[in-house]
Protein chains: 2
Amino acid sequence: MVTITARGTSAHSNERGDAYDPKCPTRHVLDRIGDKWTVLVVGSLRGGPLRFTQLRLAVGGVAPKVLTQTLRALERDGLLTRTVFAEVPPRVEYELTELGQTLQTPIAAIRDWAELHMSQVVEARARYDDEI
Amino acid sequence: MVTITARGTSAHSNERGDAYDPKCPTRHVLDRIGDKWTVLVVGSLRGGPLRFTQLRLAVGGVAPKVLTQTLRALERDGLLTRTVFAEVPPRVEYELTELGQTLQTPIAAIRDWAELHMSQVVEARARYDDEI
DNA sequence: GTTGTTAGTACCCGCTGGTTACCGTGAGAC
DNA sequence: GTCTCACGGTAACCAGCGGGTACTAACAAC
């Protein structure tokens, strides 16, 4: 399993974080993943770089402003790169970084879970709503 | 096992959902997981049932109203059970269902990723903010 | 009567997610 | 020359929701 060397006062940044400590930056990282669109955007980029509009279509239902926000946040976190080509009409490509690639596995796990257990959740909801 | 008869719009693409289709209920399931507190709440319950206040402390920094909302949503989705004991002072216990337990693995993967890569993300953010 | 405990709810506020409209630039159609 | 289109956003606006604080009900213990 995972052996933790020294957690202590979480002052040094090379240690493992503790997601249950509100003061730990891990919380911010979790917030990013806990963003509605992050999972879908990162998942969409698994096959290689995409342009803005391609991403918009791939994700489906995301407003341009929100997509921009999501992409900027992901870029800031070092999960993807934004490359602007000096062309007209403009071309901008988004591509996962190495760090972003490592996120692919856990995100795929979440997506798989959602897709596999969707029906059970839907049933549970129907049952719950009926009881009220 | 799980067999879904018909899925409406998208050509019945077997029993598995498609998270990239905005009309697929998978999206709602993803939204639940993509909730800021879900990951922490479900993770807190991995060791067994907890009471409301215990959960509040375990998660850390969650407002009671928001915790209630989160718990109700998780209950509705069949991921946990809410047991009220007719005592004074009141006692309410929250416990993961079997379905909720299956969510433990992917959530642990996310949490592990966040805790392991936290420092890289923090560094990337600092770099990004400096460049501006 | 007073205090303590517990699981919430009521109420208010500010942020933010979402929607729609619009922009700048140059290539091609006419 | 000018009309239109493609593309990647941004501007302005709004509703809803997350978040914080205060408060409640009920009874046991003192």
### Identity of the residue in segment A:44-63, more than 12 Å from DNA strand C (Cβ to nearest atom) and at the interface with chain B (Cβ under 8 Å from one of its Cβ atoms), that ends up nearest to A:LEU80 (Cα to Cα)
A:SER44
### Query
For residues in segment A:51-65 being in contact with a helix residue (DSSP H, G or I) (Cβ under 8 Å, 6 or more places away or on another chain) and assigned to a helix (DSSP H, G or I), which is surrounded by the fewest Cβ atoms within 10 Å (Cβ to Cβ)?
A:PRO64
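Go through A:THR105, A:THR97, A:THR68 for me and flag whichever is modelled with pLDDT of 90 or more, of a type in the set (Val, Ile, Thr), farther than 19 Å from B:ALA19 by Cα and exposed (fewer than 15 other Cβ atoms within 10 Å of the Cβ). Quick ask: steps written out before the conclusion?
Numbers: A:THR105 fails: farther than 19 Å from B:ALA19 by Cα; A:THR97 fails: exposed (fewer than 15 other Cβ atoms within 10 Å of the Cβ).
Result: A:THR68 is the single residue among A:THR105, A:THR97, A:THR68 that is modelled with pLDDT of 90 or more, of a type in the set (Val, Ile, Thr), farther than 19 Å from B:ALA19 by Cα and exposed (fewer than 15 other Cβ atoms within 10 Å of the Cβ).
Of the residues that sit in segment B:37-48 and are on the phi < 0 side of the Ramachandran plot and loosely packed, with under 15 Cβ neighbours inside 10 Å, which one is farthest from the chain's Cα centre (by Cα)? Outline the logic, then answer.
Restricting attention to segment B:37-48, the residues satisfying the condition of being on the phi < 0 side of the Ramachandran plot are B:37-47.
Adding the requirement that they be loosely packed, with under 15 Cβ neighbours inside 10 Å leaves B:46-47.
Details: B:ARG46: 12, B:GLY47: 16 Å.
Checked segment B:37-48; the qualifying residue farthest from the chain's Cα centre (by Cα) is B:GLY47.
State the number of residues belonging to segment B:24-50 that are at pLDDT 90 or above and part of a helix (DSSP H, G or I). Steps first, please.
Step one: list which residues in segment B:24-50 are at pLDDT 90 or above, which gives B:37-50.
Within this subset, residues satisfying the condition of being part of a helix (DSSP H, G or I) are B:38-47.
The qualifying residues number 10.
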### Query
Which one is nearest to DNA strand C (Cβ to nearest atom) among residues in segment B:79-91 that are within 13 Å of another protein chain (Cβ to nearest Cβ) and open to solvent by 20 Å² or more (accessible area, probe 1.4 Å)?
B:ARG82
### Query
Among (1) closer than 24 Å to A:HIS117 by Cβ; (2) hydrophobic (A, V, I, L, M, F, W, C); (3) free of Cβ contacts under 8 Å to residues at least 12 places away in the same chain; (4) more than 10 Å from every other protein chain (Cβ to nearest Cβ), where does B:VAL41 come up short?
(3)
### Filtered residues of segment A:64-76 (kept if within 19 Å of A:PRO90 (Cβ to Cβ), of a type in the set (D, E, K, R) and more than 10 Å from DNA strand C (Cβ to nearest atom))
A:ARG72, A:GLU75
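The values are calculated or read from the model by the stated rules, or taken from the named source; none is laboratory data. The shown structure was predicted, so the numbers you read here are calculated from the model rather than taken from an experiment. Quick reminder, even Gly has a Cβ in these numbers, built from the backbone with ideal geometry, and neighbours come from all protein chains shown. Note: accessible area is taken over every heavy atom of the protein model, side chains too, but ligands, DNA and RNA are not part of it. Shrake-Rupley method; radii C 1.70, N 1.55, O 1.52, S 1.80 Å.
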